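Report on one structure; see the data block that follows.
The values are calculated or read from the model by the stated rules, or taken from the named source; none is laboratory data. Everything quoted here is computed from the prediction, not taken from an experiment. Cβ placement follows ideal geometry from the backbone for every residue including glycine, while neighbour counts extend to all protein chains displayed. Please note that ligands, DNA and RNA were not included when accessible areas were found on the heavy atoms of the full protein model with its side chains. Shrake-Rupley method; radii C 1.70, N 1.55, O 1.52, S 1.80 Å.
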Amino acid sequence: MRFLLTLFSLISSSAVAATIDIPIETSRTALVLRVDNDGHLVTVHHGKRLQQTAEYARLRGITHLNEGYSEYYNSVYTPAGSRNLLEPAIQATHADGNPSLDLVYVRHETKPAGTGVTLTTILLKDPQYAFEVTLNYKAYQNEDVLESWSTIRHTEKKAVRLQKYASANLYLSAGQYYLTHYHGNWASEVRPEEVQLTAGMKVIDSKLGTRAQMLQAPMFMLSLNQPAQEEQGEVVAGTLAWSGNFQFQFEIDPYHNVRLLAGINPYASEYTLEPGRDFTTPALIYTYSNQGTGGASRSLHRWARNHRIPQGTGDRLTLLNNWEATQFDFDEPKLVDLFKDGKKLGVDLFLLDDGWFGNKFPRNDDKAGLGDWQENKAKLPHGLGYLVQQAEAAGVKFGIWIEPEMVNPKSELYTKHPDWVIKLPNRPDAVFRNQQVLDLSNPKVQDFVYGVVDDLFTKNPKLAYIKWDCNAVIYNAYSSVNQTSHLYVDYVRGLYRVLEKLRAKYPTVPMMLCSGGGARVDYGALKYFTEYWPSDNTSPAERIFIQYNYSAFFPAIASCNHITDWGNFPIKFRTDVAMMGKMGYDIVVSKLDANDLAFSQQALKNYGRLKPVIYQGDLFRLQSPHTNDVGSVMYVSEKQDKAVWFSYLINSRFKAGSDLPPIRLRGLQPGKRYTVQETNLMPGTKSPIDGSVTYSGDFLMTVGLNPAVNDRRTSVVLEISEAL
Ligand code: DGJ
């Protein structure tokens, strides 16, 4: 481990006359910043770490000009209003009305911030005003991930208005730049698209308020010099830890370098900052990889498991959900039968979805009841406590769906607290899925939302799981109690405040982050949630792509992959697709025929054996479903003694998948010997793969194996074990 613990340094500008280099390093990467003679902070390197720190002094710096449209194209945090005419990272109007900023270096320090983590803070100040910005960089040594955010502060006489406040302003230099960004909609989330950046600006953003990632996702892969490759080439992968409006801007400057600005979307979000208060931006989380997108994903996965997602290195519960199976139509006896079905199947938990609440306005469809979090007496006369007990008696844990940020106009909550709802006084109410968003910038609403969840746990201490949904966007953005131009920011901060408080009291309960499908998957929210719902589209033919695409940024342990009846696929195919992450079910178990039931029961047992590798292993995307007849991924344990390999037929045309060249495996140890055994076979079927043969890792990675996927074997799961 090359973790530098010699990093504690505190340097002040008065002590040093010439340039100061500030290397922010991880085991394999370095972002090198430089304070030049004028005190401005610029980027001089972002990429592979140099072996000799002293050689950073030789870096030329990229574009410091005497004449141009910006004094510092490579500014680390570009201020607006004075010499810079390109896109700024920060724009502010001072208390006296002056709309310009200059930021010069004051001091920096690097200190340890936990095991294998350093925090570098750099203080910049406007020479004319009592206005300062601290740039923060957390460097995760073993994961090669950086987290960057800024803290803005002033002690001017009156409030300062912030028009823009980016989290990070990166600067990269290459011959060409290929940007992969992700877009979608309900049931078609995170579709990647790669474009070559050309002169000018490419903007990826969201203005939806909540469900920020529905149309565009807050993540990108920027490949240098060539289109992104899976296992080779230089890539910077980044994602904003923010569950609200975001903006990424990629601007090619006149010298053909890329300026990347990432942060909260400044749209309708001017923020008034009072003297003495801090404005802290969310973090951009990013990694540089010279092993292509695969290397970048593995770094982000490791970081997420070790440092971000609750119980990221722990286990997950398998579950049976009732949404696809019953929708709103259930009652106590039906649920009790479903608990027994869950037990018969072999899952850990039953998850009761939408429709269990509301009395004056019963939640029998999505038109009423949201906000009234009391058990519906007609459906559940004995209350939730009884269900928790009955589930326990049947041998499964019990979890529940909530959507506490939202309200149906047809609800007691809305009638009682119309001022808690985000809406404009002089416009007709606008609804999305018949519902509106509560004003989480209002502390009373925060208390209400906290109370909904706290109450559930207080009354039902054995409640074992929460699915937290969020189905509406913010229309008519207006707060009746707070400055409306703060609403988009303070909504998310209010949400995080609630989640922070909940996690303080309930640190270990598993919680699923859901948003009308996968419209809210980000590392801001994933600080509180153990897992996320990638999409309502659970057709395995689609899920192969959706799960594959999310895997660029998020680890398998957090991806809730449920087996449902969407698309009418064989149970084996559905199961094999779900198994590449956190597997669950949303089917009517009693409708499974004997063969399918026996297969599923065995598959759950197999999963129990395989999941440590799927959850904690390194992911290798062997063949993309986007460009191959067979999509293929594998997970390899840290010790390289176990691996699980999934392959799926994508193309159903004649002979697709057959007679393909072998697929080369990755991540194994060349010198070790392995067996390759097929698992998840339907009862009574035999595998064409001879599980008794042993292969060297070298053979498997150089020559490969054909998993024998074809139109009769549309999915294949292979278990690779070190032969002892
Ligand atoms: C949207 C979610 O994505 C679904 O899984 C389900 O929970 C419904 N909402 C319930 O209304």
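Which value, in debye to the nearest 20, gives the size of the charge dipole of the chain about its Cα centre, when Lys and Arg are +1 and Asp and Glu are -1 at the Cβ?
Details: 74 positive and 76 negative charges, 196 e Å.
In debye, rounded to 20, the chain gives about 940.
Given labels modelled 7 Å from the Cα in the Cβ direction, how far is it in nm from Lys605 to Thr508?
Label at Lys605, label at Thr508, 2.8 nm between them.
Please work out the C-alpha center-to-center distance from segment 275-322 to segment 693-724 and express it in whole Å.
Taking the Cα centre of segment 693-724 as reference, the centre of segment 275-322 is 30 Å away.
For segment 619-722, what is the number of Lys pairs with C-alpha distance below 23 angstrom, counting only pairs 8 or more positions apart or on separate chains? Let's see the in-between values first.
Working: Lys639/Lys672; Lys642/Lys672; Lys642/Lys686; Lys655/Lys686.
Going through segment 619-722 pair by pair, I get 4.
So, in Å, what gap is there between the alpha-carbon centers of segment 541-594 and segment 363-404?
25
Report the accessible area of Trp149, computed with a 1.4 Å probe over the heavy atoms of all protein chains in place, in Å² rounded to the nearest 10.
Spelled out: Trp149, probe radius 1.4 Å, area about 50 Å².
Under the rule a/c < 1.5 gives rounded, and otherwise a/b versus b/c splits prolate from oblate, where does segment 560-650 land using the Cα gyration tensor? Write out the running numbers ahead of the final one.
Values: a/c = 2.43, a/b = 1.39, b/c = 1.74.
Since a/c reaches 1.5 but b/c is at least a/b, the shape of segment 560-650 is classed as oblate.
How much of the DSSP beta bridge set in the chain is antiparallel, as a percent to the nearest 5?
The antiparallel fraction comes to roughly 85 percent.
With a probe of 1.4 Å, find how much accessible area segment 407-526 has per residue, and write the answer as a whole number in Å².
For segment 407-526, the per-residue accessible area is 37 Å².
For segment 109-235, what is the Kirkwood hydrodynamic radius in Å, using each pair of distinct C-alpha atoms?
17.9
Taking a virtual spin label 7 Å from the Cα of Val195 along the C-beta vector, which residues in segment 257-271 bring their backbone nitrogen under 18 Å of it?
257-263
Using Cα pairs closer than 8 Å and at least 6 residues apart in sequence, work out the relative contact order for the chain, in percent.
This gives 9 percent for the chain.
Would you please put 481-493, 533-545 in order of how densely packed they are, using the mean number of other Cβ atoms within 10 angstrom per residue and starting with the highest?
Working: 481-493: 19.2, 533-545: 22.8.
Taking the mean over residues of other Cβ atoms within 10 Å, the ranking is 533-545, 481-493.
Within segment 319-617, what percent of beta bridges assigned by DSSP are antiparallel, to the nearest 5?
Roughly 15 percent of the DSSP beta bridges within segment 319-617 come out antiparallel.
So for the chain, Kirkwood radius off the Cα pairs, Stokes-Einstein at 25 °C and 0.890 mPa s: how many µm² s⁻¹?
Using the Kirkwood radius from Cα pairs, D works out to 91 µm²/s.
Please give every one of the lysines within straight-line cross-link reach of Lys158, meaning a C-alpha to C-alpha distance under 18 Å, and leave out same-chain neighbours fewer than 8 residues apart.
By straight Cα distance, Lys158 reaches Lys125.
How many percent of the accessible area of the chain is carbon or sulfur, using a 1.4 Å probe?
50
Write down the radius of gyration of segment 619-722 and its Dmax, each obtained from C-alpha positions, in Å.
13.1, 40
Structure shown: which of Lys157/Lys423; Lys397/Lys582; Lys207/Lys367; Lys343/Lys605; Lys344/Lys462; Lys360/Lys416 lie over 23 Å apart, alpha-carbon to alpha-carbon?
Details: Lys157/Lys423 34 Å; Lys397/Lys582 17 Å; Lys207/Lys367 25 Å; Lys343/Lys605 13 Å; Lys344/Lys462 21 Å; Lys360/Lys416 13 Å.
Where the Cα-Cα span goes over 23 Å, the pairs concerned are Lys157/Lys423; Lys207/Lys367.
Report the label-to-label distance for Ala594 and Gln311 in nanometres (one decimal), using points 7 Å from each Cα along the Cα→Cβ vector.
About 3.7 nm separates the two model spin labels.
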